[in-house]
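The values are calculated or read from the model by the stated rules, or taken from the named source; none is laboratory data. On a predicted model such as this, the values are computed, not experimentally measured, just so you know. So basically every Cβ, Gly included, is an ideal-geometry build from the backbone, and we count neighbours across all protein chains shown. SASA here: full protein model, heavy atoms, side chains in, ligands and nucleic acids out. Shrake-Rupley method; radii C 1.70, N 1.55, O 1.52, S 1.80 Å.
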Amino acid sequence: MRYNTILFVFLLVLVSCGKDGEVYTDFEITFEQPANFPAATYDFEDNPITTDGFILGRKLFYDNRLSLNNGISCAECHNQSHAFTHHGHNLSEGVHAGVVGTRNSQPIQNLAFLEDFTWDGAKDELIDQPLIPIREEVEMDETMENVIAKLKQDTEYQELFTKVFQKEDAINQATFLKALSQFMGAMVSSNSKYDKYFRGEEGGGFTELEKQGLDLFKQKCATCHSGQLFTNQEFINNGIGENPSLENETGRARITSSNPFATVEELKKSDDYYKFRVPSLRNVEKTNPYMHDGRMLNLKRVLDFYDDDAYPMITRMDNLDSRLISTDENGDETLGIPMTPDEKVAILAFLETLTDNEFINDERFANPN
Amino acid sequence: MNNLKKWAFLALTTITLFSCNNDDDNINTNQATHVSAVLKLEHSLALGDQFTLTDSEKNEQSLELTVFKFLVSDVKLTTTNDEVIALSNNDAAQLVDLANADETNTIKVYLTDIPEGSYKSISFGVGVSQDVANGSTEEQAKLYELADDDMHWDWNSNLYIFSKIEASNLDNQNTVPKNLNIHVGNKGGNVDLFRTVNLILPETLTVAAKVSPSIHTIVSIEKLFTPDAPGVAVAYDAINAHGGTDDASKIFSDNYENIFEVHHLHPNEAAINLEDVEMDDHSHDGEDSEDSHSH
């Protein structure tokens, strides 16, 4: 009898202090630099990653209150089972049903190693990135002022922010951004079959086909998709060509123009027109559809695009990257990368070794609620 | 037995409620913040005023001012002993928006936490420096808020828009009249358009507990285009926001150093508290800020 009462009261405590008594928090987060990765760009001095900060950031990432009418969370378009992308959407639909944005959602992985963020490099610090989706009409269409006001009403957030930032009244835009950034910064994917092969670890046995694919990839693709992140992080016109239904797309040109009112016509003259960041190919098997506007549904189609004959073809803009052009002695140009059907099969097999199931199933990154 | 259980239940619930809600304790520590000094910015124009500017074809254009705002950061004061006191951006940063001006076109920037003493000059930045923008996130907490509404570009790494001036052309003969539309910031990243304004005070400013002295400053908006020497005149439609050259944007930004002039000090104004003036100012907010949105 006595025990029953105690149990009941104990449950009550849990309920009254926060609905989610079963939040998975039983772990320590420390940022681990994978042996085969480049140096991190994340600003650890400004915003060190702590377990409590990570847990707070994760709660925010999965919280619908970050959007208008509390409709969607970041995870809506960054879904763990698809390496934190928006599965089944070439262009991401936001808080307004049926209204889609102009870009394909990007994976939230290894962001601590990137120089620039988004397809065109709109931000060069991870910490500022969430301001874009929250304010964009086609994404979450909310104001930061409202988000902060909503969080302040929640005593659980008040406590968590105070715990993480060690001060009273800790909820503001700066601490909000820091928490999200700690969560995203800690999301490192470095345990694919390829990594294990590269580091000579158990589980890293490559088949002959995969080995052949890796060699072909190094010859044909690693000029741009280079290094352990499989991107040289440059902004490049890879011949993707204009998308007739997205007339305002100008790629990197909009970012590097010093004129905030530049028109699309003016930006077409820029050398950065239709340049996009070379994407990392980690978990690429899971992040379909592909390219900045998600126009290619599968990897087979991507390879058909890159080769020099099969449809879709490479578009020859003035600033098409020279690594995709070869000129013969008569001055005739061939666009693309010659690949036989067998070579494509091998490259595909290799690309699949970049899938990191430990990352995709890592409970620490999952929705805590 | 039954009664006892009820009591235990009640007592424990109460404890639970209290232990979850301990932040109420701090509410009454609301101390008054003494305003050390006030920077009074009296503008030469109000929103809706008409004025004349010369375009790049040397034609006079008649314009009506619709937006004038800028971010103030990095406020510093220099003592008569040449000691520089830098105020935190989380206190002193401000968005000066002509839409919030009073009947005399004046906007007051309240400065707190200046150490008591004698000062000979004050300086501030128009916009946000690269050091601050790339520096500590928490030291930008207030700047983030000031920029939140419409002083930021999402598609830019230095997110702050430093200043905005907009005016509509009253010419109704021309089908495409040249409007004035200049938003300054480190867009594109090749030229730094952050500028620091340094104002020498005509007499010593004494900061002390019993007063809140004010620095009455004239802001001559037209001088952005037609500054006093050594400033260089610039046509309002030559600036980058109109597809002009970066040089014109630089000259234009330089001219921010030219538009401020300290007229006089009110050295002995009675001491005021920040909390009181903030309450006052907010009561105007709703009615004033409406026409300040440009997009």
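All of A:E136, A:E76, A:E142, A:E115 fail the test of being open to solvent by 30 Å² or more (accessible area, probe 1.4 Å), acidic (D, E) and in contact with a helix residue (DSSP H, G or I) (Cβ under 9 Å, 6 or more places away or on another chain), apart from A:E76.
The set of residues in the range A:346-359 being under 18 Å from A:Y290 (Cβ atoms) and part of a helix (DSSP H, G or I) consists of A:I347, A:L348, A:A349, A:F350, A:L351, A:E352.
B:W153 meets all of the listed conditions (1) facing chain A (nearest Cβ under 9 Å); (2) buried (at least 16 other Cβ atoms within 10 Å of the Cβ); (3) touching a helix residue (DSSP H, G or I) at 6+ places or on another chain (Cβ under 7 Å) but one, namely (3).
Of the residues making up the range A:269-314, those that are open to solvent by 40 Å² or more (accessible area, probe 1.4 Å), under 18 Å from the mean Cα position of the chain (by Cα) and charged (D, E, K, R) are A:E285, A:K286, A:R295. When the residues of the range B:96-143 are filtered to those that are of a type in the set (V, I, T) and assigned to a strand (DSSP E or B), which remaining residue is nearest to B:V35 (Cα to Cα)? Only one residue fits best here, namely B:T112.
Quick grid of which residues meet (1) open to solvent by less than 40 Å² (accessible area, probe 1.4 Å); (2) farther than 18 Å from A:L131 by Cα:
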residue	(1), (2)
A:P34	yes, yes
A:P38	no, yes
A:P48	no, yes
A:I55	yes, yes
A:Y62	yes, no
A:R65	no, no
A:N69	no, no
A:A83	yes, yes
A:H89	no, yes
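Here A:N104 does not fit the description of being more than 14 Å from chain B (Cβ to nearest Cβ) and either open to solvent by 60 Å² or more (accessible area, probe 1.4 Å) or within 27 Å of A:E32 (Cα to Cα) (or both). One residue alone among B:N190, B:N198, B:N181 is open to solvent by 30 Å² or more (accessible area, probe 1.4 Å), in contact with a strand residue (DSSP E or B) (Cβ under 6 Å, 6 or more places away or on another chain), within 14 Å of chain A (Cβ to nearest Cβ) and touching a residue at least 24 places away in the same chain (Cβ under 8 Å), and that residue is B:N181.
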